[in-house]
Structure formats: C-alpha cells, structure tokens
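Before any comments, here is the structure.
The values are calculated or read from the model by the stated rules, or taken from the named source; none is laboratory data. Fair warning: this is a prediction, and the values are worked out from it, not measured in the lab. All Cβ positions, glycine included, derive from the backbone under ideal geometry; neighbour counts span all protein chains shown. In case anyone asks, the SASA skips ligands and DNA or RNA and just uses the protein heavy atoms, side chains included. Shrake-Rupley method; radii C 1.70, N 1.55, O 1.52, S 1.80 Å.
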Amino acid sequence: MHQLLKKHYWLQIALPVLLASLATWITLHPLVEVSYRTPYLMFFGVIFISSAYGGSRSSIIATVSCVLLSFLFIQPKYQPQSEIFGVANFIFLAEGLLLSGLFRRIEKIQQKLSESEQRFRGIIEKSAEGMLMTDQNGQISYLSPSVNILLGAQSGELVGTSIQSLLHPDERVAFDIQLEQLLKQEISEMEFLTRIKAKSGGWIWIEGTVMDLRKEQSISSLVFQYRDVTNRIELELQKEDFVQITSHELKTPVTSIKGFIQVLKKRHQKEEREQDIKIIERIENQSERLVHLIEDLLDVTRIKNGELPYHFSYLDLTTYLPEVIAAHEAIHQEHTFNFSTFGPALVYADKDRIAQVISNLLNNAIKYSPGKTTVEIKLSLEDGHIKTSITDQGIGIPAAQQERIFERFYRVSTLPKDAVNGLGIGLYISNEIVKRHGGEIAVSSKEGQGSEFWFRLAAG
C-alpha cells in the first residue's frame with residue numbers, strides 16, 4: 001500500500017480526502033452524540049494514517065481537507081460559538097501543518113539513511129572481495145553476491161548452512177580453534193588462510209579476517225571478509241616445487257664435484273704442488289658454500305611442508321658451542337671469536353639444528369662486519385632459559401626493518417645490492433628452528449653500531 005501511494009500521486013491526494021470525509025460523516029451520524037471537540041481527535045487520526053501511507057504530502061492534504069470539511073459541514077450542524085470554533089480550527093490547522101513539517105523532516109532523514117544504506121550495500125555487493133555473516137555457531141545468515149559467484153552457488157542457496165561444512169577437512173580443526181578464541185575474546189580479530197569448497201567440487205584458497213560484532217545491535221553477527229588468493233597460492237606452490245626439484249637436481253652433480261676435488265687435491269698434495277693446492281682449496285670452499293646454499297633451499301621447502309626432521313636430546317651448550325665455533329675459526333682465521341659462559345647450559349634440543357642456527361648467526365656476524373674481526377658469543381641464564389647471544393661490530397640494522405629480517409627471502413634494503421651475497425633465508429630457517437624448540441629469537445641493533453642476535457631455549 002505504501003509503495004503504491006509513492007508511485008501514484010493521485011492516491012496521495014485521494015486517501016486523505018476520503019479519510020477526512022469518513023471522519024466527518026461519522027461525526028455527523030445521527031446515532032453518534034459528540035461535542036465540537038470530538039472531530040479534531042478523529043482528524044488527528046486521519047493525519048497520522050495519511051502520513052504513514054502517503055507521507056508528508058498526504059498529511060498536508062489531510063489537514064486542509066479536515067479544516068474545510070469542518071467549516072462546511074460540522075459548524076452548521078452543531079452551531080457552537082463561532083469564535084471558539086474558529087480558534088479551534090486555526091489551532092488544529094497550525095498543529096496539523098507542524099506535524100506535516102515534522103513528517104517531512106523524518107522523510108528526509110529516512111531518505112538519507114536509505115541512500116547511505118544503498119551506497120554501502122552497492123559497495124559490498126559489487127566488491128570483488130567476499131563478505132558473509134554467521135551466528136556464533138557458524139550458521140550463515142548473509143552472503144554478498146561475490147561469494148555466490150566465487151562458489152558457483154545460487155542466491156540464498158547457502159543461507160542457513162554451516163561455514164565449517166565448506167572448509168577443507170585438513171584445515172577445519174585449526175579454523176575452529178581460532179574461532180573459539182575469538183568467541184572467548186582471547187583475540188580481538190581472527191585472520192585465516194584456508195580452502196573453501198566450490199559447488200563444482202574444486203577448492204578455492206581464501207584469505208581474510210573475522211570480526212566479532214555480536215554486540216553491535218544493528219549487526220549481531222560474526223562478519224567474515226575475505227579475498228580469493230588461489231592464483232597467488234598456486235604460484236607460491238609452483239615456486240616451492242621448482243626450488244625443491246632444482247635443489248635435488250643440483251645436489252647430485254655438486255656432490256660429485258666435491259668428490260673429484262678431493263681426489264684432485266690428494267694428488268696435488270702427493271706431488272707437493274702448493275700453488276695448485278691453494279686454487280683447489282678455493283674451489284673446495286666455494287663448492288662447500290654451494291652445498292650449504294642448496295641445503296638451505298631444501299630446508300625452506302621442508303619447513304613449509306612440515307617435513308624438517310628433528311632429533312631431540314639433552315645437550316650442554318657450554319661444551320658443544322666451542323666445537324661449532326672451532327669450525328668457523330678454521331675457515332675465518334682472520335677473525336677472533338670470544339666465547340663466554342656462566343657454567344653448564346643444559347637444553348633439550350636437536351644438536352645439528354642448533355649448530356645450524358649458530359652457524360647462520362656467525363656467518364651473518366662475519367658477512368655484515370666489513371673490516372671488523374671480533375665476534376662475541378655469550379651464554380647466560382635468564383628466568384629459567386638459556387640465552388645464546390652473538391654480537392658483531394658490523395653495519396647494524398635500521399629499527400624499522402628489524403621485525404622483518406626473519407621473513408623468508410627478506411634482506412635489509414639499506415645494503416648495497418652487490419655488497420653482500422645471500423638469499424635472505426638463513427635467519428628465516430633459524431627462526432623456524434628456534435620456534436620448533438619452543439624458544440624465541442630476536443635482534444638488538446643500532447644502525448652503524450653493530451648487532452646482537454640472540455635466542456633463548458628452556459633450560460633442561
């Protein structure tokens with residue numbers, strides 16, 4: 001009815017006139033005994049009904065119609081004092097027009113709210129990013145059109161279903177754990193990267209956030225916002241497969257090269273060809289470096305796939321670290337490695353992986369300290385944890401970049417491009433190894449004043 005009146009202006013005029021006429025007829029009905037005040041109560045009802053269905057325009061017409069009809073029909077019938085009737089009509093006209101102005105103001109506010117709602121709804125519905133709303137149990141109450149397009153579903157088809165039913169089985173448990181933390185307010189916002197099932201049966205990678213807006217009266221839901229990252233993830237997987245296959249393919253010929261170098265070195269040693277031996281040792285060092293690089297690339301892939309092997313046992317770092325340091329002293333004879341400890345430092349760890357972390361940090365201390373020859377290695381006990389710190393005298397790291405240096409393939413941007421070789425994966429691997437041991441790793445540094453890398457493991 002309301003929409004019909006909005007479309008047809010003549011109905012906005014006809015309705016209030018008919019209602020005013022009906023109220024006047026009821027007032028004049030011989031079976032109804034009324035005073036001259038009674039019609040105005042009915043006329044106010046006419047104004048409210050007219051405005052509810054026809055808006056402010058109908059309320060104005062209703063006001064004017066009621067005043068005219070009261071002059072034409074009610075005054076001659078009851079003949080109250082003309083002064084009182086005229087004043088009453090004037091007051092009613094003023095009140096009716098005031099109400100009409102109020103209704104008009106409400107209409108403008110409603111129009112602005114409607115335009116704002118349509119604008120935001122248009123943004124959401126035309127956005128390439130998906131949005132859906134669920135209750136605390138994960139039951140879907142709303143999906144934006146982009147979600148239906150992405151999943152190949154009809155509009156409204158997925159409303160009422162559980163979002164967990166769309167997730168990949170391998171990721172459902174982790175998703176539920178995170179969601180439970182959000183519902184318990186242990187976290188303020190949930191981030192996720194998971195696969196969701198399309199109607200065609202395929203899996204789509206999505207990345208996004210979940211916000212708990214159940215306390216917002218106008219929303220009262222969990223709001224999921226996400227984007228389709230399938231192409232990006234598939235590209236990353238292809239890169240990782242390429243790195244893994246390439247690394248494996250390189251490992252065999254490099255191992256053979258190392259073997260031939262060792263045979264060649266022994267022959268030259270027998271013949272006492274010292275000049276050639278030095279050249280062969282350089283080749284051997286470079287091939288060893290290539291082997292470590294290949295192993296690091298393989299480790300990155302193993303970490304990503306959760307396949308990096310660990311063999312835990314109790315280990316005294318006080319006696320073990322000098323062995324690792326000695327290997328670097330033999331290669332970097334121009335450097336001084338100062339080691340200090342507080343006493344026995346027992347931890348439960350994989351000795352080879354810890355050696356890998358120490359080697360990465362020592363190599364960085366040497367690599368990023370041009371012209372400096374002293375490296376400090378220290379063991380200390382802090383709050384039931386063994387802290388291993390390695391301090392250099394190098395170029396330091398800008399404060400803004402210190403949080404990112406443990407990311408995969410990240411290198412400090414202030415370094416000259418050709419000043420230092422490396423792929424930026426040593427610290428990433430070290431970080432993953434330390435986390436796997438239940439520890440933490442960090443850096444303290446000032447640009448131009450050297451760096452202190454440290455990691456902590458629980459004391460055994």
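Using a 7 Å offset from the Cα along the Cα-to-Cβ direction at both GLU307 and SER256, what is the distance between the two label points in nm, to one decimal?
Placing both labels 7 Å beyond Cα along the Cβ direction yields 2.3 nm.
Using a 1.4 angstrom probe on heavy atoms only, work out the carbon and sulfur share of the accessible area of the chain in %.
On the way: 15110 of 27200 Å².
Carbon plus sulfur share of accessible area: 56 percent.
Of LEU11, LEU235, ALA459, which is farthest towards the positive pole of the chain's charge dipole, taken about the Cα centre with +1 and -1 on the beta-carbons of Lys, Arg and Asp, Glu respectively?
LEU11
Residues of region 260-387: accessible area per residue at 1.4 Å, in Å²? Please list the in-between numbers first.
Values: 7560 Å² over 128 residues.
Averaged over the residues of region 260-387, the accessible area is 59 Å².
Spelling out what I want: for every residue of region 226-237, take phi, set θ = phi - 60°, compute 6.51 cos²θ - 1.76 cosθ + 1.60 (Karplus), and round to whole Hz; glycine and proline get x.
Running phi through 6.51 cos²θ - 1.76 cosθ + 1.60 with θ = phi - 60° gives 8, 10, 7, 10, 4, 4, 5, 5, 4, 5, 5, 5 Hz.
What shape does region 305-415 take by its C-alpha gyration tensor, where a ≥ b ≥ c are the square roots of the eigenvalues and a/c under 1.5 counts as rounded, a/b above b/c as prolate, and the rest as oblate? Please list the in-between numbers first.
Details: a/c = 1.64, a/b = 1.23, b/c = 1.33.
Since a/c reaches 1.5 but b/c is at least a/b, the shape of region 305-415 is classed as oblate.
Sorting THR374, THR341 by accessible area (1.4 Å probe), largest first, what list results?
Descending order: THR341, THR374.
Any idea of GLU376's accessible area? Nearest 10 Å², probe 1.4 Å.
80 Å²
Given a cut-off of 30 Å, name the pairs among LYS265/LYS378; LYS239/LYS435; LYS304/LYS387; LYS270/LYS351; LYS265/LYS367 whose C-alpha atoms lie farther apart than that in the structure shown.
Values: LYS265/LYS378 37 Å; LYS239/LYS435 24 Å; LYS304/LYS387 27 Å; LYS270/LYS351 37 Å; LYS265/LYS367 28 Å.
Result: LYS265/LYS378; LYS270/LYS351 exceed 30 Å.
Which whole-number value in Å² is the accessible area per residue of region 157-241, probe 1.4 Å? Present the calculation step by step, with values, prior to reporting the outcome.
Details: 5050 Å² over 85 residues.
In whole numbers, region 157-241 has 59 Å² accessible per residue.
5 Å is the cut-off here: which amide hydrogens, built 1.01 Å from N in the peptide plane, fall below it relative to HIS437, excluding neighbours closer than 5 in sequence?
none
Based on the mean of other Cβ atoms within 10 Å per residue, sort peptides 378-384, 424-430 so the most packed one is first. Please list the in-between numbers first.
Details: 378-384: 12.7, 424-430: 20.9.
Averaged packing, sorted descending, gives the order 424-430, 378-384.
Accessible area of SER444, 1.4 Å probe, to the nearest 10 Å²?
Surface open to solvent at SER444 totals about 60 Å².
Just flag the trypsin sites (Lys or Arg not before Pro) in region 210-271 sitting in loop per DSSP whose Cβ has no more than 11 other Cβ atoms within 10 Å. Can you show the working numbers first?
Working: sites: ARG214, LYS215, ARG227, ARG232, LYS239, LYS251, LYS258, LYS265, LYS266, ARG267, LYS270; in loops: ARG214, LYS215.
Counting only loop positions with at most 11 other Cβ atoms within 10 Å, the trypsin sites (Lys or Arg not before Pro) in region 210-271 are LYS215.
How high is the relative contact order of the chain, in percent, counting Cα pairs under 8 Å that sit 6 or more residues apart? Present the calculation step by step, with values, prior to reporting the outcome.
On the way: 626 pairs, mean separation 35.7, N = 460.
Computed over the chain, the figure is 8 percent.
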